[in-house]
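See structure below.
The values are calculated or read from the model by the stated rules, or taken from the named source; none is laboratory data. Being a predicted model, the structure only gives us computed values, none of them experimental. Cβ coordinates were reconstructed from backbone atoms using ideal geometry, including for glycine residues, and neighbour counts include every protein chain displayed.
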Amino acid sequence: MADMAPIVLSGLPDAPSAESLGEHGDDESSLDLAPAEVVTTDDVMDWKRITDTFYMRRWRMFDMVWKEPDLGSHIVRAAPCGGPIVVAPQRGAFSVMGGTGTRHDAVRVYNGAGMRLAVIDPPSSGGRLVTAGITNGCRVVVVRSDGAVDLFSPLGERLRVSFSLPGSTCASVGAPAGGAPGSGPADLGALLGGGRSRAGSVVMAEVGRRGLAALLLCEEEVPSDDPDAPDGATVTVSALKLVICGDLDSDAPGQRCTHPMPCMLDGRPPASMALLDFEGDAPVDVILATSDLSSPALVVVSEDGCDPVRAVSGFSGLPAVADRMAVSPDGRSVALLCGSQLRVYRSALTEPLLVVEVADLLADLAGAAGGAGLSSPGGDVGRTPPPTTLAWLGDEDGIALHWDGWGILIVGQDGSCCGWRYAKPSAVLSEGDGLRVLTADHHDFLAMVVEDSRWARLDMSQPGARLVNAAELFDTRDASAMEAVQSLQRAGELSAAVDQCLAAAEEEHSRVVQQRLLAAAYFGTRASDAGSSPASLSAVCRRIRVLNALRRPAVGCAMTAFQLEVLTPAAAADRLSQQLQHDAALRVCQCMGLPTRRVLEHWAAAKVAKCRPDEEAATLQVVSQRLQAEPGVSFADVAAAAHASGRAHIARSLLRLEPRLRRKVPLLLQMREGAAALDAALRGADLGLVSLTVAQLRERLAVNNDVGFEGAGRAGTALDDADDGGDEGAVTAGGMAEDGAAAGASGRAADSEGSSAAEGAGKERLFALLSGRPQALAMAEEQLSEDDPVMLQQLLEGAGRFRRAAQESLRLAGRETRFSRRLRELGNAIAILTRGIDGGDRSLTGLRTAVQNQMELLSAQVKLEQSFDAPMRFVGRSLADTLLELLRLEGDGSDRAKALAARLKVPDSRFWYLRIEALAAARAFDELAALAAKRSPVGYAPFVRAFLDARPRAMAQAKRVCPKVEDPPERLRLQCECEAWDDAAETARRIGTAAAAIEALQAMGMRGSGTEARAKLEALAASGR
């Protein structure tokens, strides 16, 4: 250790170098992350003892630059962890802005140093401001009396996720706003301020860290209690309902649950209201304090709707109405101010943790050393006015009672107290580890002194304090420094001393104290491990650099180490980006080793949005070069922002650099670049994306103003009005046969009636877009087959695929159960085929003829069903089945069957086959034999087979007809089946071949032994010819 060099802060790890965004055209000033001295009044002599073991301290964070002289008459809220500050005038208050003294209902947003970020002007028409707040995600929430809930960014940009409360005036624009209530309006109006409020207006609201609750005035119909009123008579009464909204930081904020006011409130507005909305995704609970002086109580209403309203029980009740209510930042405790009594409960609201009289606290404070210079807020302890604000100091460190124009009384959990004097109007805001105090001139932070800071300032016996002393001696080259370090090493306390110095350095705000503690920690690590710097020292140095940078007035985001840990450095960088402090956000990310992608994307989007038209080319070059240097950046997100701001050229150029198709294609569709989106999806060979793109293309072309398919659905025709089978005049079979396309033409005419020229142009554009891309066309065909068959047919026709389009109509016809609809689909198919034939495709002629015949058959079947007295079913059968059924029912001489066969041009031979089959099925063998006696166009073998199928009954008829079979080999086989051996031997002889004889002998088998026929066949077979 003898060669150790003196410890200097230059040995501490520096912030990593980063290319300034200002060199790329950013207007934001560069921000150095080197530690900067913070204006502070924090001195050990200024610490105030609140108990025997705990002290409180005050840091002067900023000297404010704003012009807000009277914060006491304003609504003041702030995002947690040093976030932006929202200042809004209370009802009827004048807001002095810029020294003009004019009345405004504007909401102002500032950073922690009082630099104005935005001014949110009230709408030209609408309700007055009820309350304002800011969420954990730095969304500014403005609630107006007409029920409008507007959400803004910290820079005053209205977000698209703004909404209206259900049942409010704003949610029912155009509906009656609500007249005078019929019963009880005067009382309720008096409770709401003496005036008449319209139904649907917001009378009270509270914005929490992630949700809000609002009371709406509504009207209800209730049974009349007038004894002279008729039965069932009702009257309109005024009532209140509670609306609870969930996560305001989500993409779909405000899961809006509406509850009637609990009966315990007796229709009156509550005396105070607070939100329990601190636990992640847990439902928002609302605590309401009743305004009934005779029996004050608390009611909890939950957002989740499961046992939503419950009265608080388990304790003896409240001594007075709870005029003030505050929930601790961690949501675990609730403080109530009931008259002059302060009561503290756990959030379960069972037994109180603390009950104390405010007047007693002030009296104790006036006589204590900690209260020197403090008098009672009202000048008389016995007549103390109620505090202006009730707030928590940290999660559970204490409760702050704030009197505007007097000061703050801090009450510990054990009832001890101390005070801070603030003569000017001020506002107090709770943090997780302290209390922010805002005045017109200063921004202070009150907090309990943590143990690490206390030993660093007071207790020199601790290892950390001894290490600090040794490091200072070493800097002066005092030899006793080594003795002190060796003493810590021998006691095994050197590592603990280094940890204490690092922890204390993070808690300090003064750069001088930070340097002392970090130098001591560095000295301890060098002395213990041959000069190696542990990761903990490097991490602490980086966090301190970030904290000091955030505490600069230009940044205005002062926070403690605890708050940075709760918020996380990544969220702090996001906050800086939201305030357009991109250079600072980038350096914070680089210092903490975080990805810079989100900061660069936000910077690029903001830069593109604010560039002038003549700067687009230069801006595009700067943005694209900077983003291409960062891996993983999303060009699509920046392009979306460019498109939203009207920079279409920049958006298209940036999308060419986006490699991720699932981000690129949806934005191209949103930009109405359908061809580019489809080509990109096809190049990616992602079938799912291609299918999604085709579906969205269809939907957008059908819905948007460019083109639409609203009229492309199937319109009804006169045929649709016919029942199954229709009436006799509904269908003219001959007309259908003469012109098979008539039904299709009339159906399509009805479908296209009223179609606009834009629709036709849009269809042509869609067809042209898909026809040159076979894979996309196949996807569209698959989707349209079920979703929109009419458009599919049009698409196929546009692609020249007439046969496939006609097949689609035939498929639909087969699915229809009503005759009229089926007939129309067949007509559509004929019309499509006719257009294809007219276009030069003669191969479609046969298919068109078949479809025309099918139409004729369908119309004939309908008429047949109508002509029979008994219910018969012909529709749906084939032509052959229809003819067979007619022949079976009416016999071979059926005139209906002959007429139908003639009309549909059934060949004579085919009709004879059907006649034979029908007679055989009917066992009409005499009629079948008579028919066989006639000249048959199909020969006589079918007759023989029909007789043989009915053997042995018709064997004789079969033997008589067999000789008429003209083909000798066929006649031989049939004669063998009929066992007409003599005739078979004669036929074989005439054939004159041994093979014929052998075939007959094999059929004969052992039958016919010793007969003359067998002898003839054996002789012929033996001849070998």
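Data overview
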| quantity | calculated |
| --- | --- |
| All positions within the range 315-334 that are over 22 Å from ARG268 (Cα atoms), surrounded by fewer than 20 Cβ atoms within 10 Å (Cβ to Cβ) and not hydrophobic (A, V, I, L, M, F, W, C) | SER316, ASP330, GLY331, ARG332 |
| Elements of type strands (runs of 3 or more DSSP E) in the range 335-412, at least 2 residues being modelled with pLDDT of 85 or more and surrounded by fewer than 16 Cβ atoms within 10 Å (Cβ to Cβ) | 352-357 |
| Residue in the range 225-250 that is farthest from ARG158 (Cα to Cα), counting only those that are of a type in the set (A, V, I, L, M) and part of a strand (DSSP E or B) | VAL235 |
| Matching residues in the range 236-254 - criterion: being over 29 Å from ALA289 (Cα atoms) and of a type in the set (A, V, I, L, M, F, W, C) | ALA252 |
| Sole exception among (1) touching a strand residue (DSSP E or B) at 6+ places or on another chain (Cβ under 7 Å); (2) modelled with pLDDT of 90 or more for HIS509, by number | (2) |
| Some residue of the range 138-150 being modelled with pLDDT under 50 and part of a loop (DSSP other than H, G, I, E, B) | no |
| Among (1) at pLDDT 70 or above; (2) not assigned by TED's automatic domain parsing to the domain that holds ARG773, the one test that PHE874 misses | (1) |
| Breaking point among (1) assigned to a helix (DSSP H, G or I); (2) over 29 Å from MET448 (Cβ atoms); (3) without any contact (Cβ under 8 Å) to a residue 60 or more places away in the chain, for ASP478 | (1) |
| Extreme residue, modelled with the lowest pLDDT, among residues of the range 448-464 that are within 17 Å of GLY398 (Cα to Cα) and assigned to a loop (DSSP other than H, G, I, E, B) | VAL450 |
| In the range 889-921, residue surrounded by the fewest Cβ atoms within 10 Å (Cβ to Cβ) [restricted to those that are part of a loop (DSSP other than H, G, I, E, B) and at pLDDT 75 or above] | PRO907 |
| Pair list, Cβ under 7 Å, 6 or more apart: the range 837-863 residue in the same structural domain as ARG818 (by TED's automatic domain parsing), other residue aromatic (Phe, Trp, Tyr) and modelled with pLDDT of 80 or more | ASP841/PHE802; LEU844/PHE802 |
| Pair list, Cβ < 8 Å and 6+ apart or interchain, from the range 671-700 residues that are outside any helix (DSSP H, G or I) to residues that are modelled with pLDDT of 70 or more | MET671/HIS643; MET671/ALA648; MET671/ALA651; MET671/ARG652; GLU673/ARG652; GLY684/LEU661; ASP686/LEU661; ASP686/ARG662 |
| Matching helices (runs of 4 or more DSSP H) fully within the range 548-614 where at least 2 residues are among the aliphatic types (A, V, I, L, M) and free of Cβ contacts under 8 Å to residues at least 40 places away in the same chain | 569-578, 597-610 |
| Which numbered condition PHE445 fails, given (1) surrounded by 16 or more Cβ atoms within 10 Å (Cβ to Cβ); (2) at pLDDT below 85 | (2) |
| Residue match in the range 206-215 (condition: among the acidic types (Asp, Glu), in the same structural domain as THR290 (by TED's automatic domain parsing) and not in a loop (DSSP other than H, G, I, E, B)) | yes |
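Matching residues to (1) at pLDDT below 70; (2) β-branched (Val, Ile, Thr); (3) surrounded by fewer than 16 Cβ atoms within 10 Å (Cβ to Cβ); (4) not assigned by TED's automatic domain parsing to the domain that holds SER291:
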site: LEU159; (1), (2), (3), (4): no, no, yes, no
site: ALA171; (1), (2), (3), (4): yes, no, no, no
site: ALA175; (1), (2), (3), (4): yes, no, yes, no
site: SER201; (1), (2), (3), (4): no, no, no, no
site: ALA229; (1), (2), (3), (4): no, no, yes, no
site: CYS245; (1), (2), (3), (4): no, no, no, no
site: LEU265; (1), (2), (3), (4): yes, no, no, no
site: PRO269; (1), (2), (3), (4): no, no, no, no
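Yes/no per residue for (1) crowded, with 19+ Cβ neighbours inside 10 Å; (2) within 39 Å of the chain's Cα centre (by Cα):
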| position | (1), (2) |
| --- | --- |
| LEU537 | yes, no |
| VAL540 | yes, no |
| LEU547 | yes, yes |
| LEU550 | yes, yes |
| ALA554 | no, yes |
| GLU565 | no, yes |
| THR568 | no, yes |
| LEU580 | yes, yes |
